[in-house]
Amino acid sequence: MIERNVTDLDLGQIARSGQCFRMNDIGEGRFSLIASGRYIELWQRGDALYCDCEEDEWEAVWRPYFDLDTDYGAFKRAVSPRDKYLQSAIQVGGGIRILRQELFETIICFIISQQNNINRIKKCVENISLLFGETCYNKSKEVYNAFPTPQALAAVTAEELAPCRLGYRARYIAAASRQIACGEVDLDRVAALPYEEAKAELMRLTGVGVKVAECICLFALHHIDAFPIDTHIRDMLDRHYPKGFPMKRYKGFAGVLQQYGFYYEIYA
């Protein structure tokens with residue numbers, strides 16, 4: 001087991017934030033998480049974070065996953081004291097960090113996210129993993145399923161995806177998976193591109209428009225200047241920033257503040 005002192009992190013807020021869909025509250029303050037084919041359980045006591053894993057796994061996987069080498073306190077301190085909206089959003093969701101997630105899984109998750117809500121997205125992602133992901137075992141010898149590979153989903157038709165209850169998104173997922181599996185869109189190349197170029201390349205995928213591409217850039221490629229605009233953020237901008245969000249002031253981390261705003265819109 002790993003214990004670390006961590007500030008600016010709230011597991012519950014991250015689990016509910018809409019950036020990852022396989023992190024679940026399993027009771028008594030504990031959370032399970034499946035990412036990059038691995039299963040972990042985590043919990044907090046104040047600023048102490050506990051992770052049920054070994055040191056090498058922590059350093060290689062979970063420390064970077066939670067972006068723990070980035071000072072989120074500095075982002076929050078940079079917010080103008082006069083910006084009452086963002087100050088309130090930080091009070092409600094300031095434990096959110098931008099996760100460094102696996103690229104293919106994030107692509108598929110945010111194709112699913114279109115015209116959808118967090119609970120339904122989570123169910124769809126679990127269904128896809130159960131039907132098409134590799135069967136794995138956690139430390140207690142309990143079964144879980146990794147998220148499927150591009151090759152696994154490329155071999156599946158939209159009709160075969162029907163039990164996952166994806167609706168019209170099934171054909172997008174089947175087509176995008178084939179584009180990736182055959183190398184038409186090279187994810188290793190995408191991961192090495194600057195933000196705007198990565199976004200443009202992602203939009204070559206079937207079912208990936210501007211908003212979905214920006215979510216992928218933010219939540220998988222860690223371009224934290226990405227600023228996805230969905231209905232919640234559009235409402236926020238219309239009500240609180242009619243002249244536009246102060247992107248220049250927050251250049252380099254506007255996507256972090258977008259997440260605080262998104263969480264505030266849903267849960268405040």
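Could you work out [θ]222 nm for the chain from helices alone, using -39500 (n - 2.57) per DSSP H run of at least four and dividing by all its residues? Round to the nearest 500 deg cm²/dmol.
-12000 deg cm²/dmol
Look at the dipole of region 43-186 built from charges on Cβ: of 110, 44, 146, the Cα furthest out on the positive end belongs to 110.
Of the chymotrypsin sites (Phe, Trp or Tyr not before Pro) found in region 130-212, those in coil by DSSP whose Cβ has at most 11 other Cβ atoms within 10 Å are 168. Between the amide H of residue 53 and those of 2, distances stay under 5 Å, these residues lying 5 or more places away or on another chain, with hydrogens modeled in the peptide plane. Relative contact order, whole percent, for the chain stands at 19, derived from Cα pairs under 8 Å and 6 or more residues apart.
3J(HN,Hα) along region 43-59: 7, 10, 9, x, 8, 8, 10, 10, 10, 7, 8, 8, 4, 5, 5, 4, 5 Hz, from the Karplus curve 6.51 cos²θ - 1.76 cosθ + 1.60 with θ = phi - 60°, whole Hz, x for Gly and Pro.
Multiplying the residue separation of residue 88 and residue 123 by 0.36 nm and removing their Cα-Cα distance gives an extension gain of 9.5 nm. Here the extension length gained between residue 158 and residue 36 equals 41.5 nm, from 0.36 nm per residue of separation less the Cα-Cα distance. Computed with the Debye formula from one identical point scatterer per Cα of region 141-268, without solvent, the log10 of I(q)/I(0) at q = 0.11, 0.13, 0.15, 0.20 Å⁻¹ comes to -0.50, -0.68, -0.85, -1.14. Of the residues 223, 241, 202, the one whose Cα sits farthest towards the positive end of the charge dipole of region 201-268 is 241 (charges of +1 on Lys and Arg Cβ, -1 on Asp and Glu Cβ, taken about the Cα centre).
For the pair residue 238 and residue 47, what calculated FRET efficiency results from E = 1/(1 + (r/R0)^6), where r is the Cβ-Cβ distance and R0 = 41 Å, to the nearest 0.05?
0.65
Carbon-plus-sulfur accessible fraction, the chain (probe radius 1.4 Å, protein heavy atoms only): 48%.
Summing Cβ point charges (Lys, Arg +1; Asp, Glu -1) relative to the Cα centre of the chain gives a dipole of roughly 1080 debye. Label sites at residue 248 and residue 24, each approximated as a point 7 angstrom past Cα along Cα to Cβ, lie 4.8 nm apart. Working value for region 1-140: equivalent-ellipsoid semi-axes of 26, 21, 13 Å, each the square root of 5 times a Cα gyration tensor eigenvalue, largest first. Built from the Cα atoms of the chain, the convex hull projects on average onto 14.1 nm², one quarter of its surface area. Rounded to the nearest 20 debye, the dipole size of region 83-130 about its Cα centre is 140 debye, using +1 on the Cβ of Lys and Arg and -1 on the Cβ of Asp and Glu. Our note on the geometry: Cα centres of region 142-195 and region 1-50, 26 Å apart. Cross-link list 122/211; 139/199; 123/199; 123/248; 211/251; 211/243: which exceed 29 angstrom alpha carbon to alpha carbon? Among 122/211; 139/199; 123/199; 123/248; 211/251; 211/243, the Cα-Cα distance tops 29 Å for 139/199; 123/248. Of the residues 72, 88, 125, the one whose Cα sits farthest towards the positive end of the charge dipole of region 51-141 is 88 (charges of +1 on Lys and Arg Cβ, -1 on Asp and Glu Cβ, taken about the Cα centre).
The values are calculated or read from the model by the stated rules, or taken from the named source; none is laboratory data. Small disclaimer: the values here were computed from a predicted structure and weren't measured. Heads up, the Cβs are rebuilt from the backbone with ideal geometry, glycines too, and the neighbour counts pull from every protein chain shown. Please note that ligands, DNA and RNA were not included when accessible areas were found on the heavy atoms of the full protein model with its side chains. Shrake-Rupley method; radii C 1.70, N 1.55, O 1.52, S 1.80 Å.
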